[in-house]
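J.: Sharing a structure below in structure tokens format, with a few things to ask.
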Amino acid sequence: MKALVYDGPGRRAWTDHPDPGLVDDTDAIVRIDAVTICGTDLHILKGDVPTVERGRILGHEAVGTVVATGSAVTGRRPGDRVLISCISSCGRCSYCRTATYGQCRGGGGWVLGHRIDGVQAELARIPFADTSTHPLPEQVTDEAALSLADIMPTSYEVGARNGRVQPGDTVVIVGAGPIGLAAITTSRLFSPTTVVVIDREPARLSAAKEFGADVLLRPDEDPEVAVAELTGGLGADVAIEAVGIPETFELCTRLVRPGGHVANVGVHGQPATLHLEDLWIRNITITTGLVDTSSTPLLLRMLAAGRLDTSGLVTHRFALDEMDEAYDVFARPQESDALKVALFRT
Ligand code: NAD
Ligand code: ZN
């Protein structure tokens, strides 16, 4: 088969690779029908994630068709269309029993394309297939489901749900990349009155408007003053950090009202400053975490029922064999205006 292989910092190859086979009896082999590229893949390719070894197949956002299952897989059969969860987890350990799949201690907890091979390939081995794949309802298209592998559950769980968005709230989302845009959609599920989006790129702010943001701000437009004016001087109820740098995290802590919530989604490469001398007296709650994908079945039901709109995220489409072109477009969003690029089996 063909697969996108990480070949050390700065090097990738869409190349011939041995087909994956069943290893454990809980595995499934899935033929990849559609797959997206994520910012995390670019971080890995740069060499920023030293735990990823050379030779690793990248990718963790895909849908496909089951072609083979191990003897212990009870809920999936060859021919099933499935959404592949970005995290593979056992489903039985104490963490999985509370749906904290990312912390699985039963031999899983792997992000695909990180410590185990991923899904940017013609075929993928998915461990613990019963918990790590989700049957796709017939009416849900491959493209509509793709964002439920990672970015919709991330924005829902680590963003809107951790941030405890309530009806009537003012929510500020800092960063309007795919995660921040998805956070507009998933915050709306909790009926806030006002969604403010802050990004430094005009094209990303235009996308945020398309996704239903009410107020658009650039970081140089004094967002603290603007948000205070919008909220009668109080500050936002919830701030969702979707960039991953100290300055935007620290901005979020200043944007929320006393008693407000900061939901950090961004993956940080450097320490941020926590002004506990200020945060304690304002009763600020700060949450962070890895997506646990516990919300995927719920989001899939909402998608199938027409209650969740995932359109607008995929801006560029390629054939699977055009992996190199797709990476080039995704890696240059300033030139391409790409949000998500999707590749489809032809
Ligand atoms: P992205 O890089 O595509 O988007 C980031 C956005 O932030 C861009 O639109 C950029 O213009 C904007 N930005 C950069 N600097 C800014 C600044 N100073 N002020 C305002 N905006 C600024 O990233 P993404 O794919 O949308 O992901 C967002 C973050 O979420 C990343 O850190 C990613 O690693 C993280 N993430 C976390 C999880 C999790 O489990 N917690 C899962 C997936 C992704
Ligand atoms: Zn991803």
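The values are calculated or read from the model by the stated rules, or taken from the named source; none is laboratory data. Remember, predicted model here, so these are calculated numbers, not experimental data. Neighbour counts run over all protein chains shown; Cβ positions are idealised from the backbone, glycine included.
J.: Looking at (1) of a type outside the set (D, E, K, R); (2) closer than 18 Å to Leu181 by Cβ; (3) out of contact with any His (no Cβ under 7 Å at 6 or more places or on another chain); (4) modelled with pLDDT of 95 or more, which is the only condition Gly235 fails?
T.: Among (1) of a type outside the set (D, E, K, R); (2) closer than 18 Å to Leu181 by Cβ; (3) out of contact with any His (no Cβ under 7 Å at 6 or more places or on another chain); (4) modelled with pLDDT of 95 or more, the lone unmet condition for Gly235 is (2).
J.: Okay, moving on. What are the residues in segment 63-87 that are in contact with a helix residue (DSSP H, G or I) (Cβ under 7 Å, 6 or more places away or on another chain), assigned to a loop (DSSP other than H, G, I, E, B) and under 20 Å from Ala342 (Cβ atoms), if any?
T.: Hit for segment 63-87 is Ser85, nothing else.
This table checks each residue for (1) outside any helix (DSSP H, G or I); (2) over 28 Å from Val329 (Cα atoms); (3) within 16 Å of ligand 2 (Cβ to nearest atom); (4) at pLDDT 95 or above.
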residue	(1), (2), (3), (4)
Arg31	yes, no, no, yes
Ile44	no, no, yes, no
Val49	yes, no, yes, no
Gly59	yes, no, yes, yes
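J.: For Thr310, are the conditions met, namely being crowded, with 19+ Cβ neighbours inside 10 Å and on the phi > 0 side of the Ramachandran plot?
T.: For Thr310, the condition - crowded, with 19+ Cβ neighbours inside 10 Å and on the phi > 0 side of the Ramachandran plot - is not met.
J.: Inside segment 184-203, can you point out the residues that are closer than 14 Å to Asp309 by Cα and either touching a helix residue (DSSP H, G or I) at 6+ places or on another chain (Cβ under 6 Å) or not aliphatic (A, V, I, L, M) (or both)?
T.: Thr185, Thr186, Ser187, Arg188
J.: Do any strands (runs of 3 or more DSSP E) lying entirely in segment 149-262 carry at least 3 residues that are more than 16 Å from ligand 2 (Cβ to nearest atom) and surrounded by 20 or more Cβ atoms within 10 Å (Cβ to Cβ), and which ones are they?
T.: Output list reads 170-174, 194-198, 236-241.
J.: Out of the residues in segment 268-281 meeting the condition of being part of a loop (DSSP other than H, G, I, E, B) and exposed (fewer than 15 other Cβ atoms within 10 Å of the Cβ), tell me which one is modelled with the lowest pLDDT.
T.: Ranking the candidates gives Gly269 first.
J.: Restricted to segment 21-40, and to residues that are of a type outside the set (A, V, I, L, M, F, W, C) and within 16 Å of ligand 1 (Cβ to nearest atom), which residue is surrounded by the most Cβ atoms within 10 Å (Cβ to Cβ)?
T.: Result: Thr36.
J.: What are the residue pairs meeting all of these: first residue in segment 140-162, first residue closer than 18 Å to His316 by Cβ, second residue away from ligand 2 (no atom under 16 Å from the Cβ) and modelled with pLDDT of 95 or more, Cβ atoms under 6 Å, and 6 or more apart or on different chains?
T.: Asp142/Asp33; Ala145/Leu136
J.: Give Ile116, Ile126 a once-over and let me know the one that is more than 15 Å from ligand 1 (Cβ to nearest atom), within 25 Å of Gly244 (Cα to Cα) and aliphatic (A, V, I, L, M).
T.: Unique residue meeting the criteria: Ile116.
J.: Considering only residues of segment 284-293 that are assigned to a loop (DSSP other than H, G, I, E, B) and either among the β-branched types (Val, Ile, Thr) or touching a Pro at 6+ places or on another chain (Cβ under 6 Å) (or both), which is farthest from ligand 2 (Cβ to nearest atom)?
T.: Result: Ile284.
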